[in-house]
Amino acid sequence: MENILLEECCDILDSRRIPITASKRKKGPYPYYGANGVQDYVADYIFDDELVLLAEDGGNFGSKDRPIAYRVSGKCWVNNHAHVLKPKSGLDVDYLCYSLMFYDTNGLVNGATRQKLTQAMMRKMLIPKRHINEQQTIVRNLNKICQVKWLREQELERLDTLIKARFVELFGDPSLNTKGYPVKSLPEIAEFWNGLTYKPEDVANKGTIVLRSSNIQNAQLDFADTVRVICKIGEKKYVQDNDILMCSRNGSARLVGKVALIKNIEEPMSFGAFMMIIRSHYYPYLMTYFQLPAFRAQIKTGATTTINQITGRMLNNVKVPVPKEPELESFISFMEQVDKSKVAVQAALDKTQLLFDSLMQQYFG
């Protein structure tokens with residue numbers, strides 16, 4: 001199939017980008033976009049159009065499940081970490097986005113620690129040249145699958161909401177301790193520690209899986225994007241069933257504190273330095289508690305402005321109402337039933353994802 005250079009089919013609007021430091025942003029209704037999506041909301045906008053943003057630096061380069069390009073529509077602000085592309089006549093904006101989402105940037109990006117797709121290299125990128133009618137047919141097919149994926153994801157979110165509702169029904173509001181439970185510090189009922197530090201040269205195709213932030217999806221483990229290492233791993237750097245895996249540090253504040261429960265381990269696994277393991281007899285209770293505003297409110301006072309993180313010292317100061325054993329057992333039983341439903345929904349979502357991947361390979365591979 002004939003291809004076309006990106007610079008020939010798009011207007012590149014990078015010169016209109018304006019980065020704003022966090023301290024100088026005025027809060028408002030307009031999304032402030034970076035390499036991987038919304039970073040903030042600001043009081044003004046510099047674009048009002050149908051555009052595709054392509055990561056310049058800090059993008060998900062090389063990932064099979066996290067895109068490097070995304071669509072934006074209407075009034076917005078874009079910083080200097082994303083290239084701004086406006087399709088020319090004859091190019092559908094959604095088709096452009098799909099063609100770039102999982103583009104193989106091997107040989108195009110540079111940088112040892114923070115990979116960058118320069119504008120010069122971006123201009124050399126190629127996309128399949130198709131008639132506008134064929135482009136729109138492809139877009140319709142992919143949009144339908146994305147809609148099904150979204151519905152499955154919403155179903156998973158509703159099941160998580162159901163668990164949280166049952167939590168409050170059984171245990172009351174933990175921030176108010178409406179059940180009058182004895183209050184203990186987190187270290188009294190749980191152990192927690194940070195993960196494995198490894199070097200780039202330790203990464204290998206064969207070795208021990210190291211769980212990272214990307215492996216937590218919808219409060220469950222996801223192995224679509226895994227890293228394996230060959231290096232010395234201490235005993236406490238391996239996870240066990242019923243451990244809670246928590247993202248303790250990330251460039252995105254919304255990802256810090258997200259959790260997944262370790263279940264049914266089939267091979268030894270470790271966890272990365274920006275992750276934390278919480279091990280406790282109260283794991284079902286704590287798993288949900290960590291996702292509630294009550295927990296966020298307690299750790300918020302220890303947050304910094306330069307690094308989004310949860311530290312061991314911050315967790316030391318967390319106070320937790322401790323439920324009675326019969327109520328805990330009832331909650332465990334309820335969680336197990338909901339988890340069965342989540343497994344079924346996740347299986348359907350995985351099938352939909354496989355179909356999406358197959359069509360993406362067919363159209364753009």
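Only the coordinates and a few stated rules stand behind these numbers; no lab work does. Predicted model, so just to flag it, every value in this text is computed and none were measured. Positions of Cβ are backbone-derived with ideal geometry, glycine not excepted, and every protein chain shown enters the neighbour counts.
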How high is the relative contact order of region 89-233? Use alpha-carbon pairs under 8 Å, at least six apart in sequence, and give a whole percent. 16 percent
Separation in nanometres of the label points that stand 7 Å from Cα toward Cβ, at His131 and Ser185: 7.3 nm
Among 56-69, 268-281, 186-199, 120-133, the order from most to least packed when residues are scored by Cβ within 10 Å on average: 268-281, 56-69, 186-199, 120-133
Mind checking the dipole of region 3-128: about its Cα centre, +1 per Lys or Arg Cβ, -1 per Asp or Glu Cβ, Debye to the nearest 20? 480 debye
Given the -39500 (n - 2.57) contribution per DSSP H run of 4+ residues, what per-residue ellipticity at 222 nm results for the chain, rounded to the nearest 500 deg cm²/dmol? -10500 deg cm²/dmol
Dipole magnitude of the chain, debye to nearest 20 (Cβ charges: Lys/Arg +1, Asp/Glu -1, about Cα centre): 840 debye
Tell me, what is the percent relative contact order of the chain, built from C-alpha pairs under 8 Å that lie six or more residues apart? 16 percent
So which of Lys24/Lys124; Lys179/Lys237; Lys86/Lys116; Lys144/Lys351 end up more than 25 Å apart by C-alpha? Lys24/Lys124; Lys179/Lys237
Counting only DSSP loop positions in region 221-262, the trypsin sites (Lys or Arg not before Pro) whose Cβ has at most 14 other Cβ atoms within 10 Å are Lys232
Distance between the C-alpha centers of region 265-287 and region 195-233? Whole Å please. 14 Å
Note to self: C-alpha centroids of region 51-121 and region 159-191 sit apart, in Å, by 42 Å
Residue separation between Asp173 and Asn110 times 0.36 nm, minus their alpha-carbon distance, gives in nm 17.7 nm
Inter-probe distance in nm under a simple model that places probes 7 Å from Cα toward Cβ, at Ser15 and Arg66: 3.3 nm
Would you mind calculating the gained length between Glu8 and Tyr238 on full extension (0.36 nm times residue separation, minus the Cα-Cα distance), in nm to one decimal? 77.7 nm
Using a Gaussian network model of the chain with C-alpha springs under 10 Å, which one of Ser330, Ser214, Ser252 is most mobile by mean-square fluctuation? Ser330
For Ile4, distant residues with modelled amide H under 5 Å away: Ile127, Lys129
